[in-house]
Amino acid sequence: MKIGILTSSRADFGIYYPLVQKLWDDDLFQVDIIAFGTHLKQEFGYTINEIENYGFNVPHKIVTQIKNSDSKDISINIGNTTILFAEFWSNNKFDLVFALGDRYEMFAAVSAASPFNIDIAHIHAGETTLGAIDNSYRHSISLMSKYLFVSTEEYKKRAIEIIQRSQDVFNVGALSVDNLSKQSLFTIKEFRNKFDIDLSIPTILSTFHPETVSFENNEKYIHELIESFRELQNNYQIIITMPNSDTMGDMIRKELTNAFTNNTNVKLVESFGMQGYLSCMKHCSFMIGNTSSGFVEASFFPKWVINLGDRQKGRIITSNIISIEIEKNKILSTVGELSDYQIIDNCNIYGKGNAADNIISKIKVLYDLK
């Protein structure tokens with residue numbers, strides 16, 4: 001069975017990894033990785049190298065346009081990606097193609113596939129992020145997919161509401177939990193040797209993406225966050241992983257660079273890779289930002305997450321997450337109050353670390369593979 005894996009960024013391949021590895025090792029499958037988006041851009045860390053460093057061949061590398069200054073740029077990116085994938089799908093045949101998440105690049109690739117009646121399996125379907133236009137992309141991908149794989153029962157119910165085919169929606173858990181339960185993470189010493197960053201120091205891990213529904217407020221938001229970090233750096237080392245390619249993502253990247261380049265207490269990182277990022281999360285004091293990893297992966301440890309704004313509004317809130325407005329004073333007061341809160345230990349609701357096995361078992365049944 002010929003399987004395609006659509007991957008457009010560091011974030012989705014880190015999640016895909018346990019599934020790709022198990023498919024790769026199973027003689028019933030021929031796995032072709034289809035890399036595009038920020039994977040092939042030097043300014044985003046050229047993360048195609050990470051995929052190849054894991055030992056995976058990448059036969060398909062599709063160089064797409066990535067500009068992020070305004071809404072027009074994103075719209076042009078979508079059109080460019082759709083055109084390139086129209087050509088790709090006309091020349092390449094697959095029995096099943098995996099698409100993960102809610103990125104506009106993924107939406108464009110799947111949209112181009114829909115006229116070809118290609119079987120798409122959508123991973124992380126049914127979730128909601130009301131502060132990002134990606135919410136619409138996610139549900140659109142689901143509607144164009146044959147099978148949906150979800151991470152919780154609540155998301156399964158929502159996915160069924162979207163596509164109205166309960167027989168094609170499967171709760172398999174989150175692949176990220178597979179990574180966390182099986183992946184060997186770096187010790188503090190190993191992390192320091194690899195990245196020259198000492199996580200024995202009290203550390204905040206932050207990723208802040210633009211809110212793409214109310215994107216006109218992003219300049220205000222990033223200034224509030226930067227001013228918060230200027231004060232928090234007196235007590236914490238702050239590690240910032242840079243934003244993805246969204247509307248006004250370039251603005252946030254520029255503001256962070258201008259504010260903290262050559263600042264010894266604030267580290268700007270393009271990409272740690274999957275193992276490095278999860279290791280940093282494990283050893284940090286807590287997280288501040290609006291990334292989905294603060295919802296899924298952080299619940300595994302569990303790790304405190306100060307979730308900012310509305311980008312992730314609609315996701316399940318576990319006991320390790322505190323959601324607040326993007327205001328300097330609110331951020332500082334919440335950090336000061338963290339010691340007064342208590343995490344409920346079993347806040348991981350995303351499965352037992354066997355999502356990849358669940359997906360593969362289901363595919364073998366659906367396609368009658370022996």
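Things worth noting here:
- Scanning the range 72-95 for residues that are assigned to a loop (DSSP other than H, G, I, E, B), closer than 27 Å to ALA174 by Cβ and at pLDDT below 95 turns up nothing.
- Failed item in (1) surrounded by fewer than 22 Cβ atoms within 10 Å (Cβ to Cβ); (2) among the polar types (S, T, N, Q); (3) not assigned by TED's automatic domain parsing to the domain that holds GLU50, with SER361 passing the rest: (3)
- Only one of the listed residues (LYS72, LYS93, LYS2) is touching an Asp or Glu at 6+ places or on another chain (Cβ under 7 Å) and of a type in the set (D, E, K, R). That residue is LYS2.
- Residue count for the range 5-48, restricted to those that are outside any helix (DSSP H, G or I) and within 19 Å of the chain's Cα centre (by Cα): 13
- The sole residue among LYS2, LYS41 that is among the charged types (D, E, K, R) and touching a strand residue (DSSP E or B) at 6+ places or on another chain (Cβ under 6 Å) is LYS2.
- The sole residue among ARG138, ARG158 that is among the basic types (Lys, Arg) and closer than 16 Å to SER292 by Cα is ARG138.
Let's see how each residue does on (1) out of contact with any Lys or Arg (no Cβ under 7 Å at 6 or more places or on another chain); (2) surrounded by fewer than 20 Cβ atoms within 10 Å (Cβ to Cβ); (3) on the phi > 0 side of the Ramachandran plot:
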position	(1), (2), (3)
LEU19	yes, no, no
LEU23	yes, no, no
ILE34	yes, no, no
LYS41	yes, yes, no
HIS60	yes, yes, no
ASN77	no, no, no
PHE88	yes, yes, no
TYR104	yes, no, no
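- In this entry, ASN234 is excluded by the filter for residues that are crowded, with 23+ Cβ neighbours inside 10 Å and either in contact with a Leu (Cβ under 8 Å, 6 or more places away or on another chain) or modelled with pLDDT of 95 or more (or both).
- At least 2 residues being modelled with pLDDT of 95 or more and either outside the structural domain of ASN358 (by TED's automatic domain parsing) or touching a Cys at 6+ places or on another chain (Cβ under 9 Å) (or both) is the threshold, and among the helices (runs of 4 or more DSSP H) wholly inside the range 120-224 those reaching it are 188-195.
- Yes/no for ILE204 being more than 26 Å from ASN135 (Cα to Cα) and surrounded by 20 or more Cβ atoms within 10 Å (Cβ to Cβ): yes
- Criterion (modelled with pLDDT under 90 and under 21 Å from GLY276 (Cβ atoms)) met by exactly one of GLY55, GLY45, GLY37: GLY45
- Some residue of the range 153-162 being hydrophobic (A, V, I, L, M, F, W, C) and more than 20 Å from the chain's Cα centre (by Cα): yes
The values are calculated or read from the model by the stated rules, or taken from the named source; none is laboratory data. Keep in mind it's a predicted model, so treat the numbers as computed, not measured. When we count neighbours, we look across all protein chains shown, and the Cβ atoms used for this are built from the backbone with ideal geometry, even at glycine.
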